[in-house]
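Have a look at the structure below before the remarks.
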Amino acid sequence: MVSSAYRRVATESVAELPGGPRGYLVLVAPAAGEPPTQLALAQQVSLDRTVMTYLLDDLEARELIERRPDPRDRRARQVVITDKGRDELGRARRGLATAEGRLLADLDESDAASLRTLLTGVAHTAQNAALGPDERC
């Protein structure tokens with residue numbers, strides 16, 4: 001029930017982004033640091049390369065990301081978030097925080113923080129389980 005409710009409110013919070021929740025995940029990765037390559041990003045968010053290409057096309061058409069040659073490997077493309085993309089990501093994050101606040105309204109701040117910490121650990125475990133041994137975070 002919790003997963004379903006969160007998925008619903010989270011999807012509503014990022015609905016204006018191309019690809020909705022997938023678009024959100026794609027914007028988060030390059031905003032966090034070194035721009036990933038398209039392939040690394042597809043693996044990180046568990047998307048088929050073909051689906052990733054179409055999603056990146058949509059995000060690029062809205063000027064939320066740019067694809068640039070990777071300076072370490074000119075055959076690869078890095079995904080770089082634009083200023084407009086950062087603005088949209090900030091808006092989406094605020095919407096997600098509001099939605100999360102509604103779901104956790106009956107918890108005190110300490111319990112809500114503990115739940116976030118525990119779920120972050122579960123998310124890292126799930127992500128690592130989806131990646132191969134050489135690709136783990």
Quick check on region 69-90: of everything there that is free of Cβ contacts under 8 Å to residues at least 24 places away in the same chain and charged (D, E, K, R), which residue is most open to solvent (accessible area, probe 1.4 Å)? 75
Looking at region 1-34, which of the residues that are modelled with pLDDT under 90 and part of a loop (DSSP other than H, G, I, E, B) is farthest from residue 56 (Cα to Cα)? 1
Residue check for residue 94: in contact (Cβ under 8 Å) with a residue 24 or more places away in the chain, surrounded by fewer than 18 Cβ atoms within 10 Å (Cβ to Cβ) and either within 16 Å of residue 17 (Cα to Cα) or within 19 Å of the chain's Cα centre (by Cα) (or both): no
Within region 56-68, identify whether any single residue is in contact with an Asp or Glu (Cβ under 8 Å, 6 or more places away or on another chain), part of a helix (DSSP H, G or I) and surrounded by 12 or more Cβ atoms within 10 Å (Cβ to Cβ), and answer yes or no. yes
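Yes/no matrix, rows are residues, columns are (1) under 22 Å from residue 84 (Cα atoms); (2) touching a helix residue (DSSP H, G or I) at 6+ places or on another chain (Cβ under 7 Å):
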position: 15; (1), (2): yes, no
position: 19; (1), (2): yes, yes
position: 25; (1), (2): yes, no
position: 43; (1), (2): no, no
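The values are calculated or read from the model by the stated rules, or taken from the named source; none is laboratory data. A quick note: this is a predicted structure, and the numbers were derived from the prediction, not measured. Virtual Cβ from ideal backbone geometry, glycine too; neighbours counted across all protein chains shown. Note: accessible area is taken over every heavy atom of the protein model, side chains too, but ligands, DNA and RNA are not part of it. Shrake-Rupley method; radii C 1.70, N 1.55, O 1.52, S 1.80 Å.
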